Structures are given as structure tokens and as C-alpha cells.
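See structure below.
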Amino acid sequence: MPTIHGKNFIWTHLEKPSANDVMEVAKNCDLHPLVAEELLRPTFRPKVEVYDSYLYLILHFPQFDARDSSHGTEIDFIIGKDFFITTQYARLPVLEQFISECETDKRKSKQYLSSTGELLYHLLSAFFEHSFEELEKMDKIISAMENVIFKDRTRDYVEDISLLRREILDFRRAIHPQESVLRSLEEEGKTFFGKPMRPYVSRVTGDYFRIWHTLENHKETIEALHQTNESLLSLRTGEITKNLTIMAFIALPLTLVANIFGMNMSSLPIVGNPYDFWIIFGIMLIGIAGMFMFFKWKKWI
């Protein structure tokens, strides 16, 4: 259990805590047994609870793995006046980097560790900043795909678009439940942290809504790209079907004449004439030209 000493408090960080770790922290910080029990395992939904001397906050943030997919990763906060506890159950590079900066960078350490309220603000800001960076990467991918779809109409981008839609859906699933929790934190935080912390708590809620609105924009854009791609594919399929149909109808006179003169009969007109091949060939050409002129007259080609 690494500990970092702030100005008037101690920050204890738990990573996949054991029962002994939780028991020790609960004893030192006088945590409620229900809170201590919840620290032993991840919780499905985010929440905020107010106790006599501390706040218990659970949030989920999207994390991206090597397959470029995202999933919600939980982090628990217990914020008291003289103690600050964080708990993670999976790897969180953003949190690990933040802890490293607090341990090695004196300037940032002084800025982040002035109070438990400001530490919570800077931690949440770091997580939201990471989410913004991922959304910017997503925006670049969407813009590039938009340009390619209109330039290269011969390729099917359904799979690429589906992967992006899944990524946005996973992102939304992790972020969406936080709205009510952050609103509650904003209301409770004004009383718990005092008047000086009100702008900080409001800023965190504002960051959340900026991320949500960006996600909504990405969702609408990718849905529009999906519909556009479907329309372009349908148009391309229609053009191919049209061309194949026209070719079949143009070749119809050839098939008809060939079948007529290919009948095994004792007497056929033209057959036996010194120029029978050229006459039949001419009939075929006239049939092809006639069908072609008919399609041109109908403006089908």
C-alpha cells in the first residue's frame, strides 16, 4: 500500500486490495463496514455516498487495450479531511502516471497535494483529459474515414465503421452513468469541501458534459457515415445490376438467332446459301444495334 503525504493528509493507494489491506485501512480511517466490504471487489455501477466524516465515490473510466477496444475500469475514492484513499482493480496508466508525478515532481506535488478536495479535482481532471485525448484520436479516424469513403467507392467499409461504432458504444456505456453521480457530488461537495472548492467541483461536472457532447457528436457522425456507406454500396450494386441486365438484353438477339439456326431441321431459310454465315452474322449485328438504340432511346445507358 503506497502512501503519499499531502499538506494535511495522507493518500493511501490500494491496487487489487486483499482482505488484510482493507481491514488495516478501515481500522486506521474508521471506515464503515459496508464501505470496507465494497473495497474488496469491483462494483458494477458508479455512486457517491456521504458518511459522517468522508465521501465514498465510485467512478468508471474507459480504458483502451491493445486491440483498440475500450472498457470501463473502476476506481474508488474515499475522501476525508485528513485522509484520501484510492482503489483500483485493473491497470490504470493515467493513475500510475499521476502517482509517479506526485512522488517525483515537487512542483506538481505541491499543487496536487494541498488538500483532499484539490487532489480529487486534479485526479478527475487527469482522467477526463485522458478521455479527451482518446476522443481526439477517434475524431481523426472518423475524419479520415469520411474522406476515404467518398474517394474510394469500390470498397466496403462496413467492418471499419462497425468497429468505430462499438468503440463509441463502449465509451458511452462507461461514461453515461456518471452524470447523476457527478451532479450529486457537486451538490454534496459544496457542503463537504466548503465554499472554496465549489468552482473545482463545478469544473469536473463541466468536463464530463464536454466529453458527453463530444461523444454524442461522434455517434451522430458515425451513424451518418454508416448510412452514407450503405447508400453508396446500394448505388454501386444497382449500377452493376443495371450493366449486367443491359448486357444480357443486348446479347439476347445473338442467343435467339443462334438457337434458331442451330435447330436440327431438314429445311431452314438462308442455311445452304453461299453467304449464309455472313447473312446470319449480319442479322445478329442488326439485332444488337437495334437493342442498343432502344436502350439509348429509353435513356437507360
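The values are calculated or read from the model by the stated rules, or taken from the named source; none is laboratory data. Everything numeric here is computed off the predicted structure, so don't read it as measured data. Quick reminder, even Gly has a Cβ in these numbers, built from the backbone with ideal geometry, and neighbours come from all protein chains shown. In case anyone asks, the SASA skips ligands and DNA or RNA and just uses the protein heavy atoms, side chains included. Shrake-Rupley method; radii C 1.70, N 1.55, O 1.52, S 1.80 Å.
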Using only the Cα atoms of region 107-148, each taken as one equal point scatterer with no solvent, compute I(q) by the Debye sum, divide by I(0), and report log10 of the ratio at q = 0.28 Å⁻¹.
-> -0.87
1/(1 + (r/R0)^6) with r = Cβ-Cβ of Glu96 and Ala144, R0 = 41 Å, i.e. FRET efficiency to nearest 0.05, evaluates to 0.85
Per the 1/(1 + (r/R0)^6) rule, R0 = 30 Å and r from the Cβ atoms of Lys110 and Arg166, FRET efficiency to 0.05 is 0.10
Dimensions (Å) - region 175-285, Cα atoms, principal axes, largest first = 111, 20, 9
Taking 0.36 nm per residue of separation between Ser180 and Glu103 and subtracting their Cα-Cα distance, the length gained on full extension comes to 24.4 nm
Thinking of region 199-260 as a set of Cα atoms, what percent of all their pairs are more than 13 Å apart?
-> 76 percent
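Could you tell me what a quarter of the Cα convex hull surface of the chain works out to, in nm² with one decimal place?
Convex hull of Cα atoms, orientation-averaged projection: 26.2 nm².
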In the full protein assembly as shown, how much of Thr104 is accessible to a 1.4 Å probe, in Å² to the nearest 10?
-> 110 Å²
If you wrap a convex hull around the C-alpha atoms of region 102-249 and split its volume per residue, what is the figure in Å³?
-> 123 Å³
Stretchable slack from Glu133 to Phe281, in nm (0.36 nm times residue separation minus alpha-carbon distance) = 46.3 nm
Provide the gained length on full extension for the span Thr191 to Glu220, in nm with one decimal, where the gain is 0.36 nm per separating residue minus the Cα-Cα distance.
-> 6.6 nm
Across Ile279, Ile211, Ile161, the residue with the highest GNM fluctuation in the chain (Cα network, 10 Å cutoff) is Ile279
Taking alpha-carbon centroids only, region 180-205 lies from region 113-174 a number of Å equal to 26 Å
What size of dipole, in debye to the nearest 20, comes out for the chain about its Cα centre when the only charges are +1 on Lys and Arg C-beta atoms and -1 on Asp and Glu C-beta atoms?
-> 1080 debye
Out of region 227-301, which trypsin sites (Lys or Arg not before Pro) are coil in DSSP terms and have no more than 12 other C-beta atoms within 10 Å?
-> Lys298, Lys299
How high is the FRET efficiency between Arg198 and Glu159 when r is their beta carbon distance and R₀ equals 51 Å, given to the nearest 0.05?
-> 0.60
